[in-house]
Each structure stands twice: as C-alpha cells, then as structure tokens.
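The values are calculated or read from the model by the stated rules, or taken from the named source; none is laboratory data. These numbers come from a predicted model, not from an experiment. Positions of Cβ are backbone-derived with ideal geometry, glycine not excepted, and every protein chain shown enters the neighbour counts.
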Amino acid sequence: MASPRKKNNKPVRERLKAVKPSGSKDDSFFDLVHEIARQIPKGRVTSYGAIAAALGTKLSARMVGWAMLSGPNAEKPVPTHRVVNRNGLLSGRHHYDPPEKMQLLLEKEGVVVKDNKVANFKKLFWDPAKEL
C-alpha cells in the first residue's frame with residue numbers, strides 16, 4: 001500500500017520524521033500519532049481516521065484512539081482533545097475527568113461544540129495528510 005503524498009512527493013511518514021526532534025527511525029506508532037496530534041493548530045480538529053491515513057495505515061483509526069489514551073502520559077503534551085471521530089463527535093470525552101473537560105478545552109480554543117459534536121466540523125477539520 002502506498003503512503004499518502006503531498007506536493008513535495010515525500011510520504012507523510014518521512015515528512016513527519018523531519019519534524020520529530022529525535023529523527024529516530026524506530027519511533028513507535030503511538031509516538032508518531034502523538035507527533036501528528038501536536039501539529040494540530042489551536043481551534044482546529046482532526047479525526048482518528050485522518051491521523052491513521054496520514055501514517056499510511058488508514059484502517060488503524062482505533063489504534064489512533066488507543067494512542068490518544070496514552071497522550072496524558074507522554075513526555076511532551078499531546079492535545080488529545082483536538083482529535084474527534086469522523087463525524088466531529090467528541091467520542092473520547094468519557095476518558096476525561098469530568099467528561100465535559102474535552103468540550104471545555106475545545107471551547108477555550110474557540111471551537112463551538114453542540115450536543116457533544118463540533119459545530120462547523122468540515123470548516124475546522126485539519127487534514128494531516130494535506131497539512132504536513
């Protein structure tokens with residue numbers, strides 16, 4: 001399976017290594033997911049599937065979710081609240097204490113959330129395969 005590509009014709013995974021401080025070739029999947037999540041601009045959101053696709057593993061959205069669970073324990077902060085499901089639903093909210101914290105963090109960045117879903121999701125969607 002070919003890796004997604006951008007205008008510069010380098011696979012996203014290769015371009016991501018260029019922004020990794022370690023530059024290591026043995027980065028774990030979780031490390032790569034966390035590094036993509038760190039690139040999401042404030043006030044924008046992406047999906048688990050978009051991160052998986054950017055890494056060339058588009059069927060691994062659930063594994064991206066698992067990586068988000070380990071975000072609070074990462075060495076560098078990971079803005080896990082900016083990763084939602086493919087419809088903009090705050091599907092990871094139940095992992096926050098209290099569950100409303102995910103919504104509060106997004107709203108603090110200017111993201112409007114209604115009924116546990118990002119309003120204007122398509123407008124605020126940040127696609128790592130295109131942006132990195």
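Quick notes on this one:
- Within segment 85-99, residues that are within 16 Å of V111 (Cα to Cα) and in contact (Cβ under 8 Å) with a residue 24 or more places away in the chain have Cβ atoms under 9 Å from residues that are small (G, A, S) and exposed (fewer than 15 other Cβ atoms within 10 Å of the Cβ) in these pairs: G88/A119, counting only partners at least 6 apart in sequence or on another chain.
- Of all residues making up segment 39-48, the number that are small (G, A, S) and surrounded by 18 or more Cβ atoms within 10 Å (Cβ to Cβ): 1
- Count of segment 57-70 residues which are in contact (Cβ under 8 Å) with a residue 24 or more places away in the chain and surrounded by fewer than 16 Cβ atoms within 10 Å (Cβ to Cβ): 3
- Condition met for A54 (in contact with a Gly (Cβ under 9 Å, 6 or more places away or on another chain), aliphatic (A, V, I, L, M) and either within 22 Å of K117 (Cα to Cα) or crowded, with 17+ Cβ neighbours inside 10 Å (or both)): no
- Subset tally (residues that are over 14 Å from V112 (Cα atoms) and either part of a strand (DSSP E or B) or of a type in the set (F, W, Y) (or both)) for segment 72-91: 1
- Residue count, segment 69-91 (criterion: charged (D, E, K, R), at pLDDT 95 or above and more than 17 Å from K42 (Cα to Cα)): 1
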